[in-house]
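A.B. asks: Shown below is the structure under consideration.
The values are calculated or read from the model by the stated rules, or taken from the named source; none is laboratory data. Quick caveat, the model's predicted, so the values are computed rather than measured. Neighbour counts are summed over all protein chains in view; Cβ atoms, including those assigned to glycine, are modelled from backbone coordinates with ideal geometry. Areas reflect the complete protein model, heavy atoms only, side chains present, ligands, DNA and RNA absent. Shrake-Rupley method; radii C 1.70, N 1.55, O 1.52, S 1.80 Å.
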Amino acid sequence: MSALQPFVSEFKGKTKISSEEFVKIFSEFDKDGNGFIEAGELDSFLKEICGDNEKDLKEFKENLLKKYDENFDGKISMKELVKVLPTDENFLLQFRESHKLHIADFLKLWYHYDTDRSGFLERSELNGFLHDLLSKQNENVSPQRINDYAEAMIELFDSNNDGKIELNELAKIISVEENFLKNFEEVSMDEFEKIFAHYDQDGNGYVEGTELLGFIRDLMASKSDVIKSTSTKDLESYQKIIMECIDEDNDGKVSKDELKLLFK
């Protein structure tokens with residue numbers, strides 16, 4: 001059986017596992033929490049892949065350590081296990097660090113880690129985000145380090161003390177662009193062209209998906225302080241109302257002419 005086959009029953013049948021799932025798997029087998037799957041822990045891990053056949057287990061263990069144990073210490077770290085399991089590519093790698101995130105990219109990031117679409121990053125989802133964040137920064141990653149960062153983030157940014165990270169709280173953690181609409185008091189035709197071009201991030205002639213949600217978030221914030229408590233569920237509700245008003249051809253996206261209706 002290939003090492004690339006998911007092995008925990010919860011994840012069987014998946015061709016790729018998320019960062020959140022990866023951290024869960026590693027933590028399950030890193031029983032002593034020292035940041036490594038070692039000795040008996042590694043045997044338990046491999047039995048999930050190979051079964052109980054001792055010959056296959058011994059051979060597979062030798063091959064796995066030979067191929068993936070980069071520092072030859074006889075144990076597997078998180079960094080090494082990433083190469084064994086069929087994990088999704090680190091989602092954060094697609095975003096450059098040299099500038100603040102476009103609002104549409106910020107919302108893409110949010111939806112990637114809010115896997116249950118609850119409108120919050122609960123602890124396991126936050127752990128997945130932190131695994132990617134620390135790996136992207138080439139820091140030493142272990143379950144304990146992830147837990148330490150999660151505790152610090154919740155203590156610093158969880159303003160309502162619910163043990164979860166909300167959309168506006170994550171915006172304080174990640175460098176997001178300033179509200180683009182706050183640059184405009186009166187919107188002329190030339191200024192409207194700039195606005196449309198900014199939110200039509202992919203340049204396909206429509207504002208849609210996270211582009212539209214980003215525009216709605218900025219529009220709300222430019223009119224009041226309501227954004228301080230706005231969740232993705234709120235944004236989706238406002239999106240539905242706005243689309244009923246301006247999506248004249250009912251194609252689920254907003255053209256330049258349709259967006260102009262909001263500025264008249």
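A.B. asks: Over 28 Å between C-alpha atoms is what I'm after, so list which of 194/253; 136/240; 100/182 land there.
C.D. replies: Result: 136/240 exceed 28 Å.
A.B. asks: Next up: Amide H to amide H under 5 Å from residue 75: which residues, 5+ apart in sequence or cross-chain, H placed 1.01 Å off N in plane?
C.D. replies: HN-HN under 5 Å from residue 75: empty list.
A.B. asks: What accessible area per residue, rounded to a whole number of Å², is obtained for the chain using a probe radius of 1.4 Å?
C.D. replies: 54 Å²
A.B. asks: For the Cα atoms of the chain, what angle does the longest principal axis make with the long axis of helix 189-199, in degrees from 0 to 90, nearest 10?
C.D. replies: 10 degrees
A.B. asks: Oh, and also: Using modelled backbone amide H atoms (1.01 Å from N, in-plane), which distant-in-sequence or interchain residues come within less than 5 Å of residue 87's amide H?
C.D. replies: The list, which skips near neighbours in sequence, is 17.
A.B. asks: Output ³J(HN,Hα) for segment 58-73: one whole-Hz value per residue in order, computed from phi by the Karplus curve 6.51 cos²θ - 1.76 cosθ + 1.60 with θ = phi - 60°, and x for Gly and Pro.
C.D. replies: Karplus values, whole Hz, x for Gly and Pro: 5, 5, 5, 4, 4, 5, 5, 5, 4, 8, 10, 7, 4, 9, 6, 9.
A.B. asks: So what's the Cα pair-distance distribution over segment 19-84, bin width 5 Å, in %?
C.D. replies: Pair shares across the bins are 3, 18, 30, 27, 17, 4, 0.
A.B. asks: So how far apart, in nm, are the two label points at residue 256 and residue 185 if each is 7 Å from Cα heading toward Cβ?
C.D. replies: Simple spin-label model gives 2.7 nm for this pair.
A.B. asks: What do you reckon, how do 117, 217, 123 stack up by accessible area (1.4 Å probe), largest on top?
C.D. replies: Of 117, 217, 123, the descending order of accessible area is 117, 123, 217.
A.B. asks: How big is the dipole moment of segment 19-84 about its Cα centre under a simple scheme where the beta carbon of each Lys and Arg is +1, that of each Asp and Glu is -1, and everything else is neutral? Debye, nearest 20, please.
C.D. replies: Dipole of segment 19-84, to the nearest 20 debye: 200 debye.
A.B. asks: Let me ask something else. Which percent of the accessible heavy-atom area of segment 180-261 goes to carbon and sulfur, probe 1.4 angstrom?
C.D. replies: Of the solvent-accessible surface of segment 180-261, carbon and sulfur hold 46 percent.
A.B. asks: As a test of reading the structure, rank 58, 75 by solvent-accessible area (1.4 Å probe, protein chains only), most first.
C.D. replies: Largest accessible area first, the list is 58, 75.
A.B. asks: Highest mean first, what order results for 160-171, 239-250 on Cβ atoms within 10 Å?
C.D. replies: Sorting 160-171, 239-250 by mean packing, highest first, produces 160-171, 239-250.
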